[in-house]
Amino acid sequence: MGAEIPPDDPNLGKVDIAYWEIATRYSSRLQRLALRLCQGHDEPARDLIQQTLANTARCDLYDCDDLWPLFRKIMLNAHIDHGRLRSREQPLPDSDGQAVHPGVADQTVLRAQLHQVLASLPTDQVRLLQFVYREGYSLDEVAAKLDVTPEAVKQRLKRARGRFRTVFERQEMVAWE
């Protein structure tokens, strides 16, 4: 899933090589974020990375020190655009001939449950979960942001996931009663 053009390709110009080096520098973070956004599905994640790189190739990238916010924003926007296109697809008719969008109700319920669970967690745990799962930061990056060791981040993340899971499962049990 990484950059596949070697920098010593004689058909590439200096600008292409510079862009290849930039894309290579951010490829692992792009892959992690794409896989999270695509819920672990490899093929859509590759498409998302390709779209992101194609969109960033149009930008003037050579003046910036840290391009991750730009790459991340472009990838998130590409993912949102893809979701919007999917939502515009024609709905399937159900047995009564009424149009039904598959999974829309389930997604709405799940999103509401997610917001309830996050609201019940301590702010520091929510922030940590957002850094890792929403923002796509690595444990080392989160450790630098919070001024703690990566091991401390790992332990806190484990506690936050455990608490999230417990609250979510409790909420699920209440919903079934």
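The values are calculated or read from the model by the stated rules, or taken from the named source; none is laboratory data. A quick note: this is a predicted structure, and the numbers were derived from the prediction, not measured. Glycine also receives a Cβ, built like all others from the backbone with ideal geometry; neighbour counts cover every protein chain displayed.
Here are a few things to note about the model shown:
- Just one of the listed residues (R156, R134) is closer than 23 Å to H79 by Cβ and either outside the structural domain of S28 (by TED's automatic domain parsing) or in contact with a His (Cβ under 8 Å, 6 or more places away or on another chain) (or both), namely R134.
- Close Cβ contacts (under 8 Å, 6 or more residues apart or on different chains) running from residues in region 148-167 that are more than 12 Å from V126 (Cα to Cα) and basic (K, R) to residues that are modelled with pLDDT under 95 and in a helix (DSSP H, G or I) comprise K154/L139.
- Index of the failed condition, W68 passing every other in (1) surrounded by 10 or more Cβ atoms within 10 Å (Cβ to Cβ); (2) over 26 Å from V148 (Cβ atoms); (3) modelled with pLDDT under 80: (2)
- Lone qualifier among M75, M1 - being outside the structural domain of G136 (by TED's automatic domain parsing), touching a helix residue (DSSP H, G or I) at 6+ places or on another chain (Cβ under 8 Å) and at pLDDT below 70: M1
- Filtering region 95-110 for residues that are of a type outside the set (V, I, T) and modelled with pLDDT of 75 or more leaves a non-empty set.
- Residues within region 18-45 that are of a type outside the set (F, W, Y) and more than 20 Å from G83 (Cβ to Cβ), tallied: 9
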